[in-house]
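**Q** Handing you a structure now.
The values are calculated or read from the model by the stated rules, or taken from the named source; none is laboratory data. A quick note: this is a predicted structure, and the numbers were derived from the prediction, not measured. Because the Cβ atoms are built from the backbone with ideal geometry, glycine has one as well, and the counts that use them run over all protein chains shown. Accessible surface areas use protein heavy atoms only, side chains included; no ligands, DNA or RNA. Shrake-Rupley method; radii C 1.70, N 1.55, O 1.52, S 1.80 Å.
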Amino acid sequence: MEIVQKKRSVKHTFTFEKDHFNFAYKDKSGSGDTDFNYADFPKKCIIKIEQNDWLRNVGFLWIALGAIQLGYAIYSQSSLSGHGFWLMVGLACVAWAHFSKVKYSVYQAERGNIFVIQNKEHDKIVNELNQRRSAQLLDWYGEINPENELENEISKFKWLADQNVMTTAEAEAKIAQVEWLHKENSDNPSQVLN
């Protein structure tokens, strides 16, 4: 499955494979791609806004200049013809700066950042990544490993509950099974040695 996001010169492609996904990007500064395990997708993100501050600030300056020109023309009771030019140019610059703004959810993973453009595809991508992340973590760590220490297994299931991979009740049930298994093994040491 592949989902492509585009906004102006920015293009992000998410390719979902069975056990990993590829995040590819292309923009004015360059291009690249990275493969990530679903388990490496972070729970939390930061918001990044990319906008043309210079154009917006110049627009506000021209709006102010145009307003002063119009105000002076009204005050001096002269013709308003031609005095609204800078006001209109300023409004156009502010509007262009606003509509060319790109907002991202940035997920900071160990192998690099994953940028998801906040558009109509945003929630679909994040939900797909989270579902596959939960499935992969459950596949990797969801079963009891009798060779692990009791504390490690308990910590593992608590961590899976914290990661929203399993419910608290499911984690407590697994912890109870681990405790029973370790108690059973400690009661029958001869079976462990054989």
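**Q** Among the lysines, which fall within straight-line cross-link reach of residue 156, defined as a Cα-Cα distance under 16 Å, with same-chain neighbours fewer than 8 residues apart omitted?
**A** By straight Cα distance, residue 156 reaches 174.
**Q** Just one of (1) 25; (2) 51; (3) 28 is percent of Cα pairs over 30 Å apart as worked out from the coordinates here. Which one is it?
**A** (2)
**Q** Here's another thing I want to ask about it. Roughly how much of residue 166 is accessible, in Å² to the nearest 10, using a 1.4 Å probe?
**A** 20 Å²
**Q** Summing -39500 (n - 2.57) over the DSSP H runs of n ≥ 4 in the chain and dividing by its residue number, what mean residue ellipticity at 222 nm do you reach, to the nearest 500 deg cm²/dmol?
**A** -16500 deg cm²/dmol
**Q** Could you put 45, 93 in order of accessible surface area, largest first, with the 1.4 Å probe and the full protein assembly present? Before the final figure, lay out each step's value.
**A** Working: 45 55, 93 20 Å².
The ranking, largest first, comes out as 45, 93.
**Q** Can you compute the modelled spin-label distance between residue 110 and residue 95, with each label point 7 Å from Cα toward Cβ, in nm?
**A** It is 5.0 nm.
**Q** Please compute the length gained on full extension between residue 121 and residue 22, using 0.36 nm multiplied by the number of residues separating them and subtracting their Cα-Cα distance.
**A** Here the segment from residue 121 to residue 22 would lengthen by 34.0 nm.
**Q** Solvent-accessible area of residue 123, probe 1.4 Å, all protein chains present, reported in Å² to the nearest ten, please.
**A** 100 Å²
**Q** Sticking with this one: For the chain, what does the accessible surface come to per residue with a 1.4 Å probe? Please give it in Å².
**A** So the chain comes to 66 Å² accessible per residue, rounded to a whole number.
**Q** Still on this model: Between residue 33 and residue 60, what is the FRET efficiency for a Förster distance of 35 Å, r being their Cβ-Cβ separation, to the nearest 0.05?
**A** Plugging the Cβ-Cβ distance into 1/(1 + (r/R0)^6) gives 0.35.
**Q** By a straight-distance test (C-alpha under 16 Å), which aspartates and glutamates pair with residue 44 as possible cross-link partners, with residues fewer than eight away in the same chain excluded?
**A** Within the straight-line limit of under 16 Å, residue 44 reaches these aspartates and glutamates: 110, 123, 128, 162.
**Q** Now for a different question. Compute, for the chain, the length of the dipole vector about the Cα centre, with Cβ point charges of +1 (Lys, Arg) and -1 (Asp, Glu) only. Units Debye, rounded to 20.
**A** For the chain, the charge dipole is close to 1680 debye.
**Q** Now for a different question. In degrees, nearest 10, range 0 to 90: what is the angle between the Cα axis of helix 150-162 and the longest Cα principal axis of the chain?
**A** 30 degrees
**Q** Show me the ranking of peptides 151-157, 13-19 by mean Cβ neighbours inside 10 Å, starting with the highest.
**A** Ranked from most to least packed, the peptides come out as 151-157, 13-19.
**Q** Please tell me the relative contact order of the chain in percent, rounded to the nearest whole number, where contacts are Cα pairs under 8 Å and at least six residues apart. Working shown, then result.
**A** Details: 252 pairs, mean separation 33.5, N = 194.
Result for the chain is 17 percent.
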